Amino acid sequence: MAAKVYILYGSDNSGGGLGSNFSKSVGGIAVKEMNVNKKNILITLCIVTTIAFATGCKSAGALASLGTERDSEKITRAEFNLGETEGKIVVFISQPGWIKTPMDLRVTLTNSFNRMLEEKAGIKKERLTEYADVLKIRMEMPEDKRNNAIEVASKLGAQYVLAVQIMDFDISTFSEENFFSGQMITRTCLDNMKGEKLWPIGDEGCKEITIGFETEAGTLQSSVEKLSNATAYCVIRYLYDCKTANFRIPEEQKELDSYTW
């Protein structure tokens, strides 16, 4: 069975010689009559529907992809944005005498903190202070003032001091050569030269960070540097706008971290 379809083409007196191609003229409009099989109509409708569906899926997929990309760009905002300040910054490391270490942690930690401040927080190198300069000033000060972070930083012409206290440190090697386990616990505050605590905000006290790893291949030096770098990162991430996807690191020991998960 066939259906009749009428298509309007234009005026019949246009001089185009439409002739027998048109079955009739309606109101001065030439109407062409065609026989169209219903099966062909259904096939055409199916093709159109399939194309529309496919296009819709692609659009939805593109939107979903866009949403995922945006999620990966989420930012954990700085608790105190050190990059928005001006003036010199001193990293002051305190190590109690009872904590015995195979290397001078004050050197390694100072280097790690300075590197993270420069690479992650965007602090210009000229704002930072090398450990050798900190040590020189400490040795020139009276013994009872050498461990005062604010006084040492003030002597160095700084406006801010990151005071890092080593609370515990342990590194172990195994019978297998070049395999180590280690842990470091620190507490850190950011102060200005007036003795005001700028970070952590509020009554939290200093930020305690616990870093550790188990049975990893390396050397004594690389293992200590791994602990120092991870410790520095876990502090500095609070002082700049950090990508949320990068905020946590494997070396961080979650169960001892007071930050909300």
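Here are the numbers for the structure shown:
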{"read-out": "Output for region 84-96, where each listed residue is surrounded by 15 or more Cβ atoms within 10 Å (Cβ to Cβ) and of a type outside the set (S, T, N, Q)", "value": "88, 89, 90, 91, 92, 93"}
{"read-out": "Qualifying position, being β-branched (Val, Ile, Thr), within 19 Å of residue 222 (Cβ to Cβ) and modelled with pLDDT of 95 or more, among 134, 90, 107", "value": "107"}
{"read-out": "Meets criteria (hydrophobic (A, V, I, L, M, F, W, C) and buried (at least 17 other Cβ atoms within 10 Å of the Cβ)) for residue 105", "value": "yes"}
{"read-out": "Within region 124-174, tally of residues that are in a helix (DSSP H, G or I), under 14 Å from residue 194 (Cα atoms) and touching a residue at least 24 places away in the same chain (Cβ under 8 Å)", "value": "5"}
{"read-out": "Residue within region 207-230 that is surrounded by fewer than 18 Cβ atoms within 10 Å (Cβ to Cβ), out of contact with any His (no Cβ under 6 Å at 6 or more places or on another chain) and within 26 Å of residue 75 (Cβ to Cβ) present", "value": "yes"}
{"read-out": "Selected residue (only one of 128, 162 is under 25 Å from the mean Cα position of the chain (by Cα), farther than 22 Å from residue 101 by Cβ and hydrophobic (A, V, I, L, M, F, W, C))", "value": "128"}
{"read-out": "Selection status of residue 204, surrounded by 15 or more Cβ atoms within 10 Å (Cβ to Cβ), among the acidic types (Asp, Glu) and either farther than 26 Å from residue 251 by Cβ or out of contact with any Leu (no Cβ under 8 Å at 6 or more places or on another chain) (or both)", "value": "no"}
{"read-out": "Selected residue [of a type in the set (Asp, Glu) and at pLDDT 95 or above] from 84, 73", "value": "84"}
{"read-out": "Residue list for region 175-189, filter: outside any strand (DSSP E or B) and either free of Cβ contacts under 8 Å to residues at least 24 places away in the same chain or among the basic types (Lys, Arg) (or both)", "value": "175, 176, 177"}
{"read-out": "Unmet criterion (only one of (1) in contact with a Pro (Cβ under 7 Å, 6 or more places away or on another chain); (2) more than 24 Å from residue 134 (Cβ to Cβ); (3) basic (Lys, Arg)) for residue 207", "value": "(2)"}
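Residues checked against (1) in a strand (DSSP E or B); (2) at pLDDT 95 or above; (3) farther than 23 Å from residue 90 by Cβ; (4) within 23 Å of the chain's Cα centre (by Cα):
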position	(1), (2), (3), (4)
191	yes, yes, no, no
202	no, no, yes, no
209	yes, yes, no, yes
214	yes, no, yes, no
225	no, yes, no, yes
232	no, yes, no, yes
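The values are calculated or read from the model by the stated rules, or taken from the named source; none is laboratory data. None of the values given here were measured: they were computed from a predicted structure. Backbone-built Cβ (ideal geometry, glycine too); neighbour counts: all protein chains shown.
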